[in-house]
């Protein structure tokens with residue numbers, strides 16, 4: 001988990017630094033392709049420098065926007081998980097919303113950088129010998145595209161549970177979805193005997209008590225129904241009356 005968080009911070013920090021560098025390079029290239037420029041040309045009578053108006057290619061202007069966009073995305077992606085984790089009470093709905101939004105934004109940013117360096121290479125060619133700045137712009141654009149492709153892959157892996165993360169927006173979405181129902185807790189059975197009900201006769205007696213009651217009842221019935229006991233009682237009564 002710690003290694004994953006370090007990797008995410010490193011990728012986002014590198015993307016922020018590269019976006020700042022790319023913003024400076026693209027702004028310089030745009031300034032070179034805007035305004036008026038002196039161009040050597042020849043007509044039917046003379047040759048010389050003529051002032052022509054240069055228009056900025058649309059892809060270079062878009063590159064400035066993508067650089068600013070990447071800076072905002074990098075800062076937000078690094079700060080928002082920390083903010084919600086510090087705030088606490090991250091629900092499964094919030095985690096899913098942040099996760100889906102993060103994947104979409106990362107994917108869109110990677111498509112932006114892919115379009116930028118592919119269009120620049122198509123217009124100006126690969127390895128432009130006239131401008132080292134354009135070559136640097138293309139190189140940083142390729143690196144930023146690779147960074148955001150890696151971020152998309154890592155975010156998807158955390159969302160499906162392959163990688164474990166505690167960041168809001170990077171937690172397992174399947175686990176949060178299945179844990180939406182209330183958990184069922186096993187209630188242990190009480191080992192204490194049930195409380196006696198007033199006026200009720202116990203249904204079961206212990207073996208020792210039952211045996212004692214049985215012996216007592218048997219001895220009483222034997223003493224009452226014994227003929228010898230009855231005769232001895234009558235004789236004792238007659239003798240007493242005689243004396």
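The values are calculated or read from the model by the stated rules, or taken from the named source; none is laboratory data. All values reported here derive from a predicted model rather than from experimental measurement. Note that we place each Cβ from the backbone using ideal geometry, even for glycine, and neighbour counts take in every protein chain shown.
Among the residues that make up the stretch 84-94, is at least one of them farther than 26 Å from residue 136 by Cα, in contact with a helix residue (DSSP H, G or I) (Cβ under 6 Å, 6 or more places away or on another chain) and assigned to a helix (DSSP H, G or I)?
Yes, the conditions are met somewhere in the stretch 84-94.
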Open item on the list: Criterion first (out of contact with any helix residue (DSSP H, G or I) (no Cβ under 7 Å at 6 or more places or on another chain), in contact (Cβ under 8 Å) with a residue 40 or more places away in the chain, assigned to a helix (DSSP H, G or I) and surrounded by fewer than 23 Cβ atoms within 10 Å (Cβ to Cβ)) does residue 101 satisfy it?
Closed with: yes
Open item on the list: Please go through (1) at pLDDT below 85; (2) surrounded by fewer than 20 Cβ atoms within 10 Å (Cβ to Cβ); (3) touching a helix residue (DSSP H, G or I) at 6+ places or on another chain (Cβ under 9 Å) for residue 156 and return the number of the only condition it doesn't satisfy.
Closed with: (1)
Open item on the list: Going by what's in this entry, would residue 168 be described as at pLDDT below 75, at negative phi, part of a loop (DSSP other than H, G, I, E, B) and surrounded by 10 or more Cβ atoms within 10 Å (Cβ to Cβ)?
Closed with: yes
- [ ] For the stretch 67-82, indicate whether the set of residues that are outside any helix (DSSP H, G or I), touching a residue at least 40 places away in the same chain (Cβ under 8 Å) and more than 20 Å from residue 134 (Cβ to Cβ) is non-empty.
- [x] no
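Quick grid of which residues meet (1) within 21 Å of residue 73 (Cβ to Cβ); (2) modelled with pLDDT of 90 or more; (3) exposed (fewer than 15 other Cβ atoms within 10 Å of the Cβ):
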site: 1; (1), (2), (3): no, no, yes
site: 4; (1), (2), (3): yes, no, no
site: 10; (1), (2), (3): yes, yes, yes
site: 13; (1), (2), (3): yes, yes, yes
site: 17; (1), (2), (3): yes, yes, yes
site: 21; (1), (2), (3): yes, yes, no
site: 25; (1), (2), (3): yes, yes, no
site: 37; (1), (2), (3): no, no, yes
site: 41; (1), (2), (3): no, no, yes
